[in-house]
Each structure stands twice: as structure tokens, then as C-alpha cells.
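Everything on this sheet refers to the single structure shown next.
The values are calculated or read from the model by the stated rules, or taken from the named source; none is laboratory data. Note that this is a predicted model, so its numbers are computed, not measured. A quick note on method: Cβ atoms are made from the backbone with ideal geometry, for glycine too, and the neighbour counts reach across all protein chains shown. The accessibility values were calculated without ligands, DNA or RNA, using every heavy atom of the protein model including side chains. Shrake-Rupley method; radii C 1.70, N 1.55, O 1.52, S 1.80 Å.
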Amino acid sequence: MVSPESHGTPDGPISGEVVRHGTGVNSNRAFPTNSYPSNLDPFVLFERFYIDPDEGFPMHPHRGFEIVSYMIDGGMAHEDSLGVANTAYENDAMRITAGGGIRHSEFPADGQGCSGLQLWVNLPQAEKDVEPDYVDATADELPTSVEDGTTITTVIGEGSPIDLRTPMEYLDVSVADAWTWTVPDGWSGFLYGVAGEGTVDGAAFTEGDVLPVTDARSVDLRSDGTLRVVAVSGRPHGEAIRQRGPFVL
């Protein structure tokens, strides 16, 4: 893997890093990490979480950003201060707008462990105090298409019932041969390896790897088997991201 410089973005994939939360939950974090210490405007952080049956996140506060949770395995039960209670299962998605403040909890459902992906998206300063909000979508509600053997599910973007206050796209992609990901002009984004193995622009890429992108470009993905990735991109706010634990100021 290629180590990033102290500024800018790496010229190839880097490995995510293991993070252990105070509640006992383990995650593989794409950024920010020791290897890639930056946020990725408009994105605050991204990680894959693994919650054992007897672990989880008790009720806790957030404000100043939006959260997208997308389940990979098992179920996760969510409750919040808006009165929402929902359990998301494999390939279901949830979006929380923390805005001026929300409290929520996350625990594995049905006495089984679970795994999923969580993305924090910054809110622009003018919208930091918006009313908190919540929406979810089942796997059946997320549009899925097949292009030359590659399966693409739109978690956020055209056709999805979930949107955010930041223009962005979030794709779940299973590459069976070859696929090209294009980051729109002026946007930034990243690829994250969910399962399988293959190459990204000719460099080895597998589960837990990440490729940050901060300028418009096309990225070539290939696999002799199946490489499952999420491809996330969004329009930067051009504002400093100031994370203070569960708050983004």
C-alpha cells in the first residue's frame, strides 16, 4: 500500500486502521487515521463497524452533521430522541440529520452480532442548527442495476429515497469484471473495500482498503472474481471540519 504524504492525497490505495471505541465496539476506519489524518470535505469520517452481541452504543448525543449507516451483516436496532425505533438489516440504510442536536442508541438485534458502514457528512455552517431528522430505506427500496456484470445499488443518489443536505452519491458496487468510477468535477470522494479482491487503477485492492480522491477523475476497477466496494463522492463545502468527539462544530 502507498503511504500518503503529510498533505494532499495518496497516489494509490491505503489500508484502513482498527479503532476501538470506548463502548467496546471495533471498527476499521478509512479516515481520518494515522496514515491519512485528514477529513475529506464534505466527509468527516468513514468506518466499518463490527458490534458483538453484548456490545453497542448506548444513548449518546450528536450535532452539526449527518450520519448514513448502511448494513452489511446482521441487524442494528436504532432508537432516538425523536421517538424513532427501527431495526436495519443487510443492505438497509438509515440517515440521521443531527443538526442542532439529537440523541440515539445503536445495538445489535436478535441476539446476534452485526456489521455495517457508517459515514459522517458535515453540515455547512449555515445549517449546523437545523431541526434534527431521520429517514430509512429497506434494501428493496434502494435502486439496483446491472451493467456488464457489475451490480450497482444506489444508497444515496438518483432514485434513492434517502437524500442529504449536501449533494452527494453513495454506491454499493460488486465488480465481477471491470467498472469505471467517475468523480464529478469539483467533488471529492473515496472508494472503500467491503469484500473480495481486485485492482484499482492497477494497484491491489481488497477488504478494508481505501482510495481517497480530492479531484475529478475516473478510476478503473477490475476483478477476476468479485470485488465489492462502496464508491462515495460529494460536493465540498470549502469550510473547515472541526470534529469534537460526537459533535462537528
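Here HIS60 meets the list (1) surrounded by 19 or more Cβ atoms within 10 Å (Cβ to Cβ); (2) not in a loop (DSSP other than H, G, I, E, B); (3) not hydroxyl-bearing (Ser, Thr, Tyr) almost entirely, failing just condition (1). Among the residues making up the range 22-52, those that are at pLDDT 95 or above and among the hydrophobic types (A, V, I, L, M, F, W, C) are ALA30, PHE31, LEU40, PHE43, VAL44, LEU45, PHE46, PHE49, ILE51.
Looking only at residues that are modelled with pLDDT of 95 or more and farther than 18 Å from VAL194 by Cβ in the range 148-159, which one is surrounded by the most Cβ atoms within 10 Å (Cβ to Cβ)? So, considering only residues that are modelled with pLDDT of 95 or more and farther than 18 Å from VAL194 by Cβ, the one surrounded by the most Cβ atoms within 10 Å (Cβ to Cβ) is GLY159. With the structure loaded, tell me whether SER145 is more than 16 Å from the chain's Cα centre (by Cα), open to solvent by 10 Å² or more (accessible area, probe 1.4 Å), polar (S, T, N, Q) and farther than 18 Å from MET76 by Cβ or whether it fails that test. Yes; evaluated as a whole, the condition is true for this residue.
Beta carbons closer than 7 Å, at least 6 apart along the sequence or on distinct chains, pair a first residue in the range 58-83 that is touching a residue at least 60 places away in the same chain (Cβ under 8 Å) with a second that is among the basic types (Lys, Arg) for HIS60/ARG103; PRO61/ARG103; GLY64/LYS128; GLU66/ARG95; GLU66/ARG165; VAL68/ARG95.
Can you give me the number of residues within the range 63-95 that are part of a strand (DSSP E or B), over 20 Å from THR153 (Cβ atoms) and open to solvent by 10 Å² or more (accessible area, probe 1.4 Å)? It would help to see each step written out before you state the result.
If we filter the range 63-95 for residues that are part of a strand (DSSP E or B), which is where we start, we get 63, 65-73, 76-80, 85-88, 93-95.
In the following step, the residues that additionally are over 20 Å from THR153 (Cβ atoms) were identified as 63, 65, 77-80, 85.
Add one more test, that the residue is open to solvent by 10 Å² or more (accessible area, probe 1.4 Å), and what stays is 63, 77, 79-80, 85.
So the answer is 5.
Among the residues of the range 167-174, is there at least one that is open to solvent by 30 Å² or more (accessible area, probe 1.4 Å) and closer than 21 Å to PHE43 by Cβ?
For the range 167-174, residues open to solvent by 30 Å² or more (accessible area, probe 1.4 Å) and closer than 21 Å to PHE43 by Cβ: present.
Condition check for ASP129 on (1) open to solvent by 20 Å² or more (accessible area, probe 1.4 Å); (2) within 29 Å of PRO212 (Cβ to Cβ): one failure, at (2). Being touching a Phe, Trp or Tyr at 6+ places or on another chain (Cβ under 6 Å), buried (at least 19 other Cβ atoms within 10 Å of the Cβ) and under 20 Å from LEU45 (Cα atoms) is not true of ILE102. Among the residues of the range 11-32, the ones that are open to solvent by less than 20 Å² (accessible area, probe 1.4 Å) and within 15 Å of the chain's Cα centre (by Cα) come to 4 in all.
When the range 140-187 is filtered for residues that are under 27 Å from THR214 (Cβ atoms) and among the polar types (S, T, N, Q), the ones remaining, listed by number, are THR150, THR153, THR154, SER160, THR166, SER174, THR180, THR182.
Among the numbered conditions (1) open to solvent by 30 Å² or more (accessible area, probe 1.4 Å); (2) in contact with a Gly (Cβ under 7 Å, 6 or more places away or on another chain), the only one that ASP54 does not meet is (2). Looking at the structure I just gave you, is GLY196 open to solvent by 50 Å² or more (accessible area, probe 1.4 Å) and either out of contact with any His (no Cβ under 9 Å at 6 or more places or on another chain) or outside any loop (DSSP other than H, G, I, E, B) (or both)? No, not satisfied.
Every residue, every condition in (1) touching a residue at least 40 places away in the same chain (Cβ under 8 Å); (2) assigned to a helix (DSSP H, G or I); (3) closer than 19 Å to ARG48 by Cβ, yes or no:
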position	(1), (2), (3)
GLU106	yes, no, yes
GLN112	yes, no, yes
GLU131	no, no, no
VAL135	yes, no, no
THR151	no, no, no
THR154	no, no, no
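Return the only residue of ALA126, ALA93 being farther than 23 Å from GLY22 by Cα and in contact with a Leu (Cβ under 7 Å, 6 or more places away or on another chain). Just one listed residue meets the conditions, ALA93.
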